[in-house]
Structures are given as structure tokens and as C-alpha cells.
Amino acid sequence: MMPRYDFRTPRIFLDAALGGGTEVALDRDQANYLINVLRLTKGDGVLLFNGRDGEWQAELTGTGKRSLSAAVGAQQRPQPEPVDLHFLFAPLKHARLDYGVQKAVEMGVSRIQPVLTRHTQVARLNLDRMRANAIEAAQQCGVLALPEIKEPVAFKSLVGTIDAGRLLVFCDEDAEVTDPVAALAAIRLDNWHSLPLAVLIGPEGGFSEDERETLVKRPNVVRLALGPRILRADTAAVAALALVQAVLGDWRGR
């Protein structure tokens, strides 16, 4: 039986095919991290993953100052079945955006989609930075499936393009829901849990009235309040994703 997760061996993401008996090149940043930060040398072990082929044991083979390669050995973990969970959110600033992306990866989302609502305060995003944060979170937390990082999209465009068969959970402090867990459990009993999922988090200023009206008219939509306290958007994202994963998602051990 393959081990669930090796916590001690450094994990590196590579955008390259992985298979036993092959040799792969690591880039300059990865070489610097492994050699100069972790002080690894030739023959030391690492774990490699690419988001497609599972996780593989590997051994460092070439350790130049600016280059590094690794010989791939046995597969450590197979690639898990993907979770079809989209994380849709009004963008935040800098460190809070970094935090939101990292936590979404840890929560197992398959797509990260910034949404420009009426009250969104941030319109320009560094997608490369978002991808780097997603990779860092996956490397640190043993996640094998990296989410898609999508370009920002206007609210009206997003609502018009979401598949009607996808269950959309949107969080709104004005929702008349006193128990979000019970509301999601009722959905499960109605057999909606088999639908692909999306969680939408609005901006700090909340959704506008016309945005709310547009959302509630959509099929397969659930409007939730997240308890008695007002949460910051990054906190609300973690809370909502945890609720959805626990009641409808893969935390239930399906």
C-alpha cells in the first residue's frame, strides 16, 4: 500500500511529464532552493509532481551552481480523481489575495476565478503571482492537483456563462439563513450533491441589489449567510469552502 503522504521529503512541482526511469531538469529557482536553502546534495531524495501524473520519488543527480536534475524512481502516490469545485471571488489586495489563493488550493478547488463585481476595489491582478502562490501551497500541503487560474471576468459575464447544471453557493450577509450547515445538508438530501460545485465570495462592500437579484434568479443556486458575525472576505472564503467541502464535497470521504 502506498503511503498517504511523506511530510519530510521536499516536494517540487514540475510542468513536465513524469515517469519511472526518466531524468528531469529543474529550473534555476528550484535549484537555488534545494541546494542553497535546504542544503541538499547529489543523491538526496525529493518528491516531484506535475498535477497530472501523481507524485514520484526522485534523486538529485546533477548539482551545478545554476542547474539541477533529478532521476525519477517509483511513484509515491497516484493522481487523485479531480474535485469539480470552482472558487469565484471578488479580488482582494496583495497579501490577502495571496492568502486566499493558498487556502483555496488547500481546500481542494479545481478553478480559481476572480470576479469583478460593482463594489470590487481591485481590478488588476498579477496572475503569475497567483499561480506561484498556488504552487507553493500545493508543494507545502501535499496537494497533487493544481487549480486553473483564470483571468478576471466581469460579474455579468460570469453569471451568463456558468453552467446551469453547476450548484452555485453564494455567500451574502443579508441572506435569511440562520444555519448554513442545515441549509447545505438539505441540498444533499435533495440529491443536489451530485452536481459540480461553485462557491462565490463577494467584495468587502457586499453584492449590489441587482447582483443579488441576478444570482437568486439563477437555477441551482443557494444563498448563505455565514453565521452571526460579519467576516472579512478572505475569512469568508475559507469558512464557505470548509462548509461546502464538509457537507457536499470530498471531506465526506466519497
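The values are calculated or read from the model by the stated rules, or taken from the named source; none is laboratory data. For clarity, every value in this text was computed on a predicted model and none was experimentally measured. All Cβ positions, even for glycine, are placed from backbone atoms using ideal geometry, and neighbour counts span all protein chains on display.
For this structure, a couple of remarks:
- Matching residues, region 129-161, being among the basic types (Lys, Arg) and farther than 24 Å from LEU47 by Cα: LYS150, LYS156
- Unique match (being crowded, with 21+ Cβ neighbours inside 10 Å, in contact (Cβ under 8 Å) with a residue 40 or more places away in the chain, closer than 22 Å to LEU215 by Cβ and in contact with a Gly (Cβ under 7 Å, 6 or more places away or on another chain)) among LEU88, LEU92: LEU92
- Residues of region 107-143 satisfying the condition of being among the polar types (S, T, N, Q) and either touching a residue at least 12 places away in the same chain (Cβ under 8 Å) or surrounded by 15 or more Cβ atoms within 10 Å (Cβ to Cβ) (or both): SER110, GLN113, THR117, THR120, GLN121, ASN133, GLN139, GLN140
- Helices (runs of 4 or more DSSP H) within region 109-226 that include 2 or more residues basic (Lys, Arg) and within 20 Å of LEU248 (Cα to Cα): none
- Among the conditions (1) of a type outside the set (A, V, I, L, M); (2) out of contact with any strand residue (DSSP E or B) (no Cβ under 9 Å at 6 or more places or on another chain); (3) in contact (Cβ under 8 Å) with a residue 60 or more places away in the chain; (4) within 22 Å of ASP84 (Cβ to Cβ), the only one that TRP251 does not satisfy is (3).
- Matching residues, region 35-55, being without any contact (Cβ under 8 Å) to a residue 60 or more places away in the chain, in contact with an Asp or Glu (Cβ under 9 Å, 6 or more places away or on another chain) and not in a strand (DSSP E or B): LEU38, LYS42, GLY43, ASP44, ASN50
- Flag for GLY62 being in a strand (DSSP E or B), free of Cβ contacts under 8 Å to residues at least 40 places away in the same chain and not assigned by TED's automatic domain parsing to the domain that holds ARG218: yes
- Some residue of region 223-233 being farther than 25 Å from LEU97 by Cα and in contact (Cβ under 8 Å) with a residue 12 or more places away in the chain: no
- Test: residue in region 72-79 that is under 18 Å from the mean Cα position of the chain (by Cα) and not small (Gly, Ala, Ser): yes
- Exclusive hit being assigned to a helix (DSSP H, G or I), in contact with a strand residue (DSSP E or B) (Cβ under 8 Å, 6 or more places away or on another chain) and in the same structural domain as ALA95 (by TED's automatic domain parsing), set ALA237, ALA246: ALA237
- The condition of being more than 30 Å from GLY205 (Cβ to Cβ) and within 21 Å of the chain's Cα centre (by Cα) holds for PRO82.
- Residues in region 3-29 that are over 24 Å from the mean Cα position of the chain (by Cα), part of a loop (DSSP other than H, G, I, E, B) and surrounded by 14 or more Cβ atoms within 10 Å (Cβ to Cβ): THR22 only.
- Within this structure, ASP53 fails the test of being surrounded by fewer than 16 Cβ atoms within 10 Å (Cβ to Cβ), under 23 Å from the mean Cα position of the chain (by Cα) and either assigned by TED's automatic domain parsing to the domain that holds ALA123 or under 30 Å from LEU167 (Cα atoms) (or both).
- Selection count, region 222-254, where residues are under 18 Å from PHE155 (Cβ atoms) and surrounded by fewer than 18 Cβ atoms within 10 Å (Cβ to Cβ): 0
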